[in-house]
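**Student:** Encoded as structure tokens, here's the structure I'll be asking about.
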Amino acid sequence: MSVKDPAVIVNFKVYSEIEGEKSLSLAEICNRVADESGANIIVCPPMVELSYVADQVEIPVFSQNVDPRKPGSGTGFTTPSLVKAAGATGTLINHSEHKQPADDVGACVQMCKDLGITTCVCADTVDIAADLARFSPYYIAVEPPELIGGDISVTSANPAVVSGTVDAVKTVDKGIKVLCGAGVKNGGDVKAAIDLGAEGVLLASGVVKAKDPESVIRDLIRDI
Ligand code: G3P
């Protein structure tokens, strides 16, 4: 599959602000802005709302995680097959808050590819991103953990990690699209990410915890 660049992936995480019906409300806002603007906005609701949200919006819905498990006995795990059946078209893998061993990341990527699920593999550092590029996921998102949830965007606090990841990942596989995240809050941060060679952003708190998420989303995409 292919999707338009740049991508703005909004990870809802498990914040109280998106519990229950509020996940759908936020996804509908993202859907409306994407529809009006043509921007590629992707939402990652929490697992328990995945199917409910995916049934009701047109924009891509990604899972926040998958486990490298086949259908069968595996209580509490999230199989790629379940995610696809829920209506998700993609998934995060190895988020900084939900890390997996590298071999599991590779297994998840392969299982998702076999099912036609778009993969976004997260990495804390340039070196980890370069290593995980051997699995050729669709996206690699670099997110320095110390900046996650903070007020300073990775593009200002550590621009070298963004440009360095772009260079390192493209050296391994130039087809992988590189995203960056951590502290991204506004359209200026998104523009800076693109100027550094990224093909989009992965963000959470700037949207999910905003008083007026719609105006934040409109601002995020203002220059793309
Ligand atoms: O998955 C997105 C993420 O970890 C960045 O979070 O709150 O810094 O935008 P945040």
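The values are calculated or read from the model by the stated rules, or taken from the named source; none is laboratory data. None of the values given here were measured: they were computed from a predicted structure. Don't worry about glycine lacking a Cβ; one is built from the backbone with ideal geometry, like all the others, and counts go over all protein chains shown. Ligands, DNA and RNA are excluded from the accessible area calculation, which covers all protein heavy atoms including side chains. Shrake-Rupley method; radii C 1.70, N 1.55, O 1.52, S 1.80 Å.
**Student:** What single numbered condition from (1) touching a residue at least 60 places away in the same chain (Cβ under 8 Å); (2) touching a helix residue (DSSP H, G or I) at 6+ places or on another chain (Cβ under 7 Å); (3) buried (at least 24 other Cβ atoms within 10 Å of the Cβ) fails to hold for Pro45?
**Tutor:** It is condition (1) that Pro45 fails.
**Student:** Scan region 70-112 residue by residue and report those that are within 16 Å of the chain's Cα centre (by Cα), away from the ligand (no atom under 16 Å from the Cβ), among the aliphatic types (A, V, I, L, M) and assigned to a loop (DSSP other than H, G, I, E, B).
**Tutor:** Residues satisfying the conditions do not exist here.
**Student:** Please work out which residue is farthest from Asp124 (Cα to Cα), limiting yourself to region 164-191 and to residues that are over 18 Å from the mean Cα position of the chain (by Cα) and not basic (Lys, Arg).
**Tutor:** Gly188
**Student:** Further question: Suppose the filter is of a type outside the set (D, E, K, R), near the ligand (Cβ under 8 Å from one of its atoms) and modelled with pLDDT of 95 or more; does Gly175 pass it?
**Tutor:** No.
**Student:** Do we find a residue being in contact with a helix residue (DSSP H, G or I) (Cβ under 9 Å, 6 or more places away or on another chain), closer than 27 Å to Val172 by Cα and within 14 Å of the ligand (Cβ to nearest atom) anywhere in region 130-137?
**Tutor:** Checking region 130-137: not a single residue is in contact with a helix residue (DSSP H, G or I) (Cβ under 9 Å, 6 or more places away or on another chain), closer than 27 Å to Val172 by Cα and within 14 Å of the ligand (Cβ to nearest atom).
For (1) open to solvent by 10 Å² or more (accessible area, probe 1.4 Å); (2) touching a helix residue (DSSP H, G or I) at 6+ places or on another chain (Cβ under 9 Å); (3) of a type in the set (Ser, Thr, Tyr); (4) in a loop (DSSP other than H, G, I, E, B), each residue gets a yes or a no:
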| residue | (1), (2), (3), (4) |
| --- | --- |
| Val10 | no, yes, no, no |
| Lys13 | yes, yes, no, yes |
| Glu17 | yes, yes, no, no |
| Lys22 | yes, yes, no, no |
| Ser25 | yes, yes, yes, no |
| Cys30 | no, yes, no, no |
| Glu49 | yes, yes, no, no |
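**Student:** Pick from region 60-98 the residues that are farther than 29 Å from Cys180 by Cβ and polar (S, T, N, Q): which of them is least open to solvent (accessible area, probe 1.4 Å)?
**Tutor:** Out of the qualifying residues, it is Ser81.
**Student:** Now for a different question. Can you find a residue in region 51-59 that is open to solvent by 10 Å² or more (accessible area, probe 1.4 Å) and touching a residue at least 40 places away in the same chain (Cβ under 8 Å)?
**Tutor:** No, region 51-59 has no match at all.
**Student:** Okay, moving on. Looking at Val154, Val166, Val126, can you tell me which residue is within 16 Å of the ligand (Cβ to nearest atom) and either among the aliphatic types (A, V, I, L, M) or more than 30 Å from Gly20 (Cβ to Cβ) (or both)?
**Tutor:** Val154
**Student:** Here's a follow-up. Could you list, in sequence order, the residues of region 178-209 that are within 12 Å of the ligand (Cβ to nearest atom) and of a type in the set (Lys, Arg)?
**Tutor:** Scanning region 178-209 gives Lys185, Lys209.
**Student:** Yes or no: Ala34 in contact with a strand residue (DSSP E or B) (Cβ under 6 Å, 6 or more places away or on another chain), in a helix (DSSP H, G or I), under 26 Å from Val190 (Cβ atoms) and of a type in the set (A, V, I, L, M, F, W, C)?
**Tutor:** So Ala34 passes the test.
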